[in-house]
1. Taking the Cα centre of the chain as the origin and placing charges on Cβ (Lys, Arg +1; Asp, Glu -1), which of Y104, N216, L28 is farthest toward the positive end of the dipole?
2. If each DSSP helix of 4+ residues adds -39,500 (n - 2.57) and the sum is divided by the residues in the chain, what number results at 222 nm, nearest 500 deg cm²/dmol?
3. Students often get this wrong, so try it: which of (1) 20.2; (2) 19.4; (3) 22.6 is Kirkwood radius over Cα pairs in Å as calculated from the structure shown?
4. How much length, in nm to one decimal, is gained on full extension between N130 and E103, taken as 0.36 nm per residue of separation minus their Cα-Cα distance?
5. Starting from the Cα of K267, step 7 Å along the direction of its Cβ; do the same at S89; then give the gap between the two resulting points in nm.
6. When each pair of different Cα atoms in the range 141-216 is counted once in the 1/r mean, what is the Kirkwood radius in angstroms, to one decimal?
7. Can you pick out the pairs among K100/K162; K173/K220; K159/K242 whose Cα atoms lie more than 29 Å from each other?
8. When DSSP assigns beta bridges and you keep just the ones with both residues in the chain, what percent turn out antiparallel, to the nearest 5?
Amino acid sequence: MKKCYLYIRVSSEQQVSGDGLNRQESLLIKYFEDNAPVQDFDPDYELIIDEGRSVFKAEHLHESAGLGRFFKRVNDGDIAKGSVLIVESLDRFSRENPFKCVEYISQLDRAQIELHDVEKRLIISRKHSNSLTFATMIAERSYEESCLKSTRIRKGWDKRRKKAKDEGHYMIKNCPKWIDVVDGKYVLNENHILVREVFDLYLSGIRSYTIAQQLNAAGKLIDNKKWDSTKICHLLRNKRCKGEYTSNRTERNFDDDTVILTTEIYKIYPKAAECYG
């Protein structure tokens, strides 16, 4: 009998909190049950789940990811020949360059493991003529869609960075606790007074542990959360206190799948602690 592995993946936190995982699981189990008698499936299937993993960036193939661990088991010979990997669609399996996708399929083929695309009702293995041709076409389409999406997102962020630098417009709404967004601009809120007090106390020679004790005793809290030495030290090292925002930019070369990471620091926040520089 064929041992089946049902692979479920969502790439974003919104999908994780939504019904993406449950929907895929129900779909794959139905496919498994409908095809078990004909395909001679072992009734004891195994679920593989990846939450918040991007296949375009191959995050699902990291050693800590579900599919990554599955491929390690394949390479170690722990997955029996004749097993089946079932996915909702091939783009849940890979959105990388089609050549990379074919490479992964070849790994499965060498281990005599079939790949089933439920959406297309496609069984990908050398036993099924033209299955690799169809798989390559699907992979090409998925890859092109991801490239276009990646380029669109990058241009959007480039536009945000420019507006933040040139016009003082906010870049993201996820601000430090001492900053609010008002009329599209970053402004200090009342918490910044407490932030400055922390710096003043530290510069006066008081250590982080004592600062935390004093603030807690006086009830000077942010979001009603107690201070401790670690939080004080983290705040003192936080570059956003002096108005700096660290922006990480990812540039992908779609020809060879290399990635260039660059980091820029923008002074877009109002300064909360003058003494920090």
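Quick note: the coordinates plus some simple rules give every number you see, no bench work behind them. As the structure is a prediction and not an experimental result, all values here were calculated from the model. Glycine also receives a Cβ, built like all others from the backbone with ideal geometry; neighbour counts cover every protein chain displayed.
1. Value computed over the given set: N216.
2. -14000 deg cm²/dmol
3. Step by step, Kirkwood radius over Cα pairs in Å for this structure corresponds to label (3).
4. Working: separation 27, 0.36 × 27 = 9.72 nm, distance 1.65 nm.
The span from N130 to E103 would gain 8.1 nm if fully extended.
5. 4.8
6. Kirkwood hydrodynamic radius for the range 141-216: 15.8 Å.
7. From the list (K100/K162; K173/K220; K159/K242), the Cα-Cα distance tops 29 Å for K100/K162.
8. Among the beta bridges of the chain, antiparallel pairing accounts for roughly 55 percent.
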